[in-house]
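Inspection log for the structure reproduced underneath, given as structure tokens.
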Amino acid sequence: GKGENWTDEYHFLRKDGSSTYVLDRGFVIRDRGGQAVRMVGAMVDITQSKQAEHERLKGERRNRFLASLLDKAQDSIVVADMKDRIFFWNKGAERLFGWTAREAIGKTKRELVIIDPAQFDEASHTVLGQGDWSGELRKRRKDGSKVMVESHWTLVRDDNEKPQSVLAIETDITHRKAAERAIEDLAFFDPLTRLPNRRLLLDRLQHALATSRRTHHAGALLFIDLDNFKSLNDTLGHDKGDLLLQHVARRLETCVPRKSDTVARLGGDEFVVMLEDLSENREDAATQAESVGEKILTAFNQSFRLNSHEYHTTPSIGITLFDNRISNIDELLKQADLAMYQAKAAGRNTIRFFDPDMQIVVSARVELESDLRQGLQQHQFFLHYQRQTDSDGVTIGVEALVRWRHPRRGLVSPALFIPLAEETGQILGLGQWVLETACRQIADWAKRPETSRMTVAVNVSARQFRQPDFVGQALAILNNTGADPQKLKLELTESLLVANVDNVVAKMCALKAVGVGFALDDFGTGYSSLSYLKRLPLDQLKIDQSFVRDVLTDPNDAAIARTILVLGQSLGLDIIAEGVETADQRDFLAQHGCHIYQGYFFGRPLPAEHF
């Protein structure tokens, strides 16, 4: 019935009771007349191959069953080989990420879902080394949106313990993370202003105190209370009061200098600003804190727009410092609060320090700053000139030194008002006045034979030199005064060279082109990089008086002075030593190649008419 040839499989029972599978191949033998006379068959034992096929089919059914189970899981389950290529992608992954299994299989996870490759590589390295990894990952959906997942990765090995694939089970925790953030916001942030609340402020203050004890840098608390806030609520309503508090919060945030500083709302109309990493010196730290307080006062000068209302308010600010000696947070807040009430008592819209000594320092600084501004307007400044002498005793030039005679304070030390002028920006006006006055003196001395050859050195601050129009200002002053540019020497400090050396060189070259000379002042006390010396068009190096003072008694100072002299000579620069007060100092310097001097041994600074 099967034709001339056939192939069949049979399941037989052996004599011993065991079963076997055989493959039977047979054919029909016919006589000459075409009649079938016999059938011939050959049987082969295929028991092992049938068992193997049975196991394969059983495995496929099991895999289909497992895949069906995994597809029913709510979580995303993805399996990728060791080259990150996906070969299993369940329905949960389709729901979570948007790609179907057909779209995902054969692709890599890096192609489809990974946002942060560095984090992915770190997790892959961990699972390969430790066998598993758990963590939170931010991933990409098919529509481009982002999803936060909680991931559990497991390394799957074959029978020989060789890594074969990575099984990743991931759960969408986007809503959970949002809920956690909401809970954290309620716990640590003020719901009205979105500023840190009292709880978070206390936590950050605890960390700030620990940091201060470790680094010895001071910090400060600024306690800020809005003046007459109650009257706003009573007249315009609490909705306007809430709106003002929101505006105040944003404005305070613009007044803090660094992200590490904290602006917090304690409640009502009370705010706190916490400043960290201030100076190790308490007086300097007080000045820094007072500067932020002044910035806040200035910011409140502008009115607040409360819908259709323009409203003006002022703050009373109390400041207290903290350092490694302070450990009680409550006491610190009380100090700032007391200082704030002192500001209220002083007339509001002002600043007071809890520490009376700090208040004295800050008040004196504020007063001096005001006097400095008035001094410029009222022409209280004048110049003295100190001679610069060569080894033959001939005066070859002078340095112009600014002096301030205050009508009440008398002569104010430059060490006091120059740093303040630098800090407040008043050095720009003062420096321009000094340069103009010195150039007028150059023009005047040019008319007299005994002074016509002298150069005049003028100190130029880094802030002044960095002004974009400095070259134009200097050239205009030279032109207006009639001063010979070759008689003008500008003294620069090394602090100017810390940034943008190319710009400095360009400005120097522009002024050198008309004959202006340049000296590097206080050499060896600051930046002191040899890389800039060969680039700058300098004429002279000045050995700082701190080295000259002890050149005969301190071997280190003597070695530094000798090194500067050798360096200057090798670069073809003149060397001038300042602060020379004795003949022995001069002789030591002369012996080692210094031939220009400045100091009390040769003459004190004098007014031009006495010079």
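The values are calculated or read from the model by the stated rules, or taken from the named source; none is laboratory data. None of the values given here were measured: they were computed from a predicted structure. Here Cβ is always computed from backbone atoms with ideal geometry, including for glycine, and neighbour counts include all displayed protein chains. To get the accessible areas, we keep the full protein, side chains included, count just its heavy atoms, and leave off ligands, DNA and RNA. Shrake-Rupley method; radii C 1.70, N 1.55, O 1.52, S 1.80 Å.
Each row is one residue, and each column tells you yes or no for (1) modelled with pLDDT under 90; (2) under 17 Å from ASN281 (Cα atoms); (3) not acidic (Asp, Glu).
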site	(1), (2), (3)
TYR311	yes, no, yes
ILE319	no, yes, yes
ASP330	yes, no, no
LEU333	yes, no, yes
ASP337	yes, no, no
ASN349	no, no, yes
GLN374	no, no, yes
- Item | Residue in the range 443-461 that is open to solvent by less than 20 Å² (accessible area, probe 1.4 Å), hydroxyl-bearing (Ser, Thr, Tyr) and either within 30 Å of SER291 (Cβ to Cβ) or touching a Gly at 6+ places or on another chain (Cβ under 6 Å) (or both) present | yes
- Could you check TRP153 against (1) buried (at least 16 other Cβ atoms within 10 Å of the Cβ); (2) in a helix (DSSP H, G or I) and say which number it fails? (2)
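Here is a list: ALA438, ALA421. Which entry is over 32 Å from the mean Cα position of the chain (by Cα), assigned to a helix (DSSP H, G or I) and not basic (Lys, Arg)?
Values: ALA421 fails: over 32 Å from the mean Cα position of the chain (by Cα).
On inspection, the qualifying residue turns out to be ALA438.
Please specify each residue of the range 267-291 satisfying the condition of being over 26 Å from the mean Cα position of the chain (by Cα) and surrounded by 19 or more Cβ atoms within 10 Å (Cβ to Cβ).
Applying the first criterion (over 26 Å from the mean Cα position of the chain (by Cα)) to the range 267-291 yields 267-270.
Residue satisfying the conditions is ASP269 alone.
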- Query: Does ARG440 fit the bill of being touching a Ser or Thr at 6+ places or on another chain (Cβ under 8 Å) and basic (Lys, Arg)?
  - Reply: yes
- Task: All but one of (1) part of a helix (DSSP H, G or I); (2) over 25 Å from LEU209 (Cα atoms); (3) open to solvent by 80 Å² or more (accessible area, probe 1.4 Å) hold for LEU297, so report the exception by its number.
- Result: (3)
- Message: For the range 367-400, which positions are surrounded by fewer than 18 Cβ atoms within 10 Å (Cβ to Cβ), among the aliphatic types (A, V, I, L, M) and not in a helix (DSSP H, G or I)?
- Response: VAL394, ILE396
- Query: Taking the range 231-266 as the search range and keeping residues that are more than 20 Å from LEU200 (Cβ to Cβ) and among the hydrophobic types (A, V, I, L, M, F, W, C), which one is surrounded by the fewest Cβ atoms within 10 Å (Cβ to Cβ)?
  - Reply: LEU236
